Each structure stands twice: as structure tokens, then as C-alpha cells.
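Before any comments, here is the structure.
Laboratory data are not the source of any read-out in this text; all were calculated from the coordinates shown. Just so you know, these numbers come straight off a predicted model, no measurement behind them. Positions of Cβ are backbone-derived with ideal geometry, glycine not excepted, and every protein chain shown enters the neighbour counts.
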Amino acid sequence: MNMVKSLCCLLLFVTIILGCAVFYSEQPLSEQLLSDLIIAEIDRHVDVDGGETQINIAELTNFEWDKMVVFRDPVSQAQISNAIGVDFTGNLNHRNGIIFVRNGEIVYEEMFPEPVSDPEPFYFFVRGENSQPRLRVHTPENAILTGRLLIRNDSNHYVVISD
């Protein structure tokens, strides 16, 4: 009887392992963050402090999207929701970031701490008047942003600027 229980347990264990292996083999092993792709693009074209390059975001994304919003603090959930046409409920506590929408659904978002005194390793900057919402909406056709390299204390910092 113990032998039967042992075999049943072994069979169950093997089934679970095989099931997990099949599930995970169908998932991408590693998906790079868009910010990593942007950093690589800046590094490929810029090697001096303050140097800039143009980045075509549509060429870097590996998913379909029809609208992208770039934002920085202060901006509200309502302002982002209005800009992308989707109810956005994410945490914006002193953050900047990028959100992509396809057919009325958010398909990708990435957020970063808002720089206070020293630059963060990576952040988005939206140019404009302080009285205006600090966000810009882009389509795949006009999603050309400026990438800037800042070198501070022998560390690279990356700023992506949306005009």
C-alpha cells in the first residue's frame, strides 16, 4: 500500500512539474522594460554629458498601441484618464511615467520616482508651463521623444523629454 501511495505522489509531482514547464515555456523568458530599451538607444547614440538623440518610441515597442501619454508630477488620475480616454486608477504619488492604450485598454505602463533635487537614474520630463497639466499624448506616428544623457558623480542618468 505504501508503494502505491509513493507512486501516486511521484506521478502527481511529475504531472505538476510538467504542467508548469509547459506553461512557462509558452511565456516569454524575459521581456525588457521599455525604459531599458530607451536607455540602450540613448547609449547607442550619445556619450557626452548633456548629449541628446531623437527616439522613435513606436520602433522600440513590441506591442500594438494607438495612444501614448507621457506625464510627470503634478498630474491627476482624472487628467490622465481624460487624455487617454480610459479610466486610470494607478498610483501617481510623486511619479512620472508612460502609459500606452490600444482600443480603449491600457496595454503597458511604466512609472518612475519624480526627481526632487538630484536626477533619478531614469525619468520623463514634459516641457510646458507650470499652470498646464504636465502630460503629452502621442500616437505611433508622432511618438518622437528626445533622450538626454546626464552624467552626475560618474553615474549615468537618462531623461526622456516630450515637447
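If you stretched the chain out fully between residue 45 and residue 127, how much longer would it get, using 0.36 nm times the residue separation minus the C-alpha to C-alpha distance?
The span from residue 45 to residue 127 would gain 27.3 nm if fully extended.
What does the C-alpha gyration tensor say about the overall shape of region 33-162? Classify as rounded when a/c is under 1.5, otherwise prolate if a/b is larger than b/c, or oblate.
Note, shape of region 33-162 comes out oblate.
Nearest 20 debye, what's the magnitude of the dipole of region 28-68 about its Cα centre given +1 on Lys and Arg Cβ and -1 on Asp and Glu Cβ?
So the dipole magnitude of region 28-68 works out to roughly 100 debye.
What FRET efficiency do you get for residue 76 and residue 139 if R0 is 35 Å and r is their Cβ-Cβ distance, rounded to the nearest 0.05?
With R0 = 35 Å, the Cβ-Cβ based efficiency is 0.95.
Please find the FRET efficiency linking residue 89 to residue 31, where r is the Cβ-Cβ separation and R0 is fixed at 22 Å, and quote it to the nearest 0.05.
In this case the efficiency is close to 0.40.
What is the gain in length, in nm to one decimal, between residue 56 and residue 109 on full extension, counting 0.36 nm per residue of separation less the C-alpha to C-alpha distance?
Once the chain is fully extended between residue 56 and residue 109, it gains 17.4 nm.
For region 84-163, which trypsin sites (Lys or Arg not before Pro) are both in a DSSP coil and crowded by at most 13 other Cβ atoms within 10 Å?
Listed in order of number, the matching sites are 127.
Where in region 94-163 are there GluC sites (Glu not before Pro) that are in a DSSP coil and have at most 13 other Cβ atoms within 10 angstrom of their Cβ?
Within region 94-163, the qualifying GluC sites (Glu not before Pro) (loop, at most 13 other Cβ atoms within 10 Å) are 129, 141.
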